[in-house]
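Engineer: I am attaching a structure below and will ask some questions about it afterwards.
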Amino acid sequence: MRFFFDAGSGTVLWADVGPADLEQLPLGAELRAELDSLVDQCRELGEDVEDGFTELHEDPDLDRYLADPKGFKR
């Protein structure tokens, strides 16, 4: 399972399926405290901070391109 830090989410780590419960992970007290501190620091920035994330969308012509890359025309 992979975990991600999601700044501004109010939780420390997200797993592939949603927020991770730190109590269920085999983490030491020092690391737990450090992760909790990261959440507090992101809250300190406020909600006006933009992360610059832009959604990516798959090209609707991708299947046609993959089927015949050399002959592909838009």
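Engineer: Please compute the net charge surrounding LEU27, taking Lys and Arg as +1 and Asp and Glu as -1 over other residues with Cβ under 13 Å from its Cβ.
Structural biologist: -4
Engineer: Could you give me the ³J(HN,Hα) list for segment 61-70, computed from phi with Karplus coefficients 6.51, -1.76, 1.60 and θ = phi - 60°, whole Hz, x at Gly and Pro?
Structural biologist: 8, 4, 4, 5, 5, 5, 5, 8, x, 6
Engineer: Could you work out how far apart the two model spin labels at GLU34 and GLU55 are, taking each label as a point 7 Å from the Cα in the direction of the beta carbon, and quote it in nm?
Structural biologist: For GLU34 paired with GLU55, the spin-label model returns 3.5 nm.
Engineer: What figure in square angstrom, to the nearest 10, would you give for the accessible area of PHE3 with a 1.4 Å probe?
Structural biologist: The value for PHE3 is about 80 Å².
The values are calculated or read from the model by the stated rules, or taken from the named source; none is laboratory data. For clarity, every value in this text was computed on a predicted model and none was experimentally measured. In this analysis, Cβ positions are derived from the backbone assuming ideal geometry, glycine residues included, and neighbour counts consider all displayed protein chains. Accessible surface areas use protein heavy atoms only, side chains included; no ligands, DNA or RNA. Shrake-Rupley method; radii C 1.70, N 1.55, O 1.52, S 1.80 Å.
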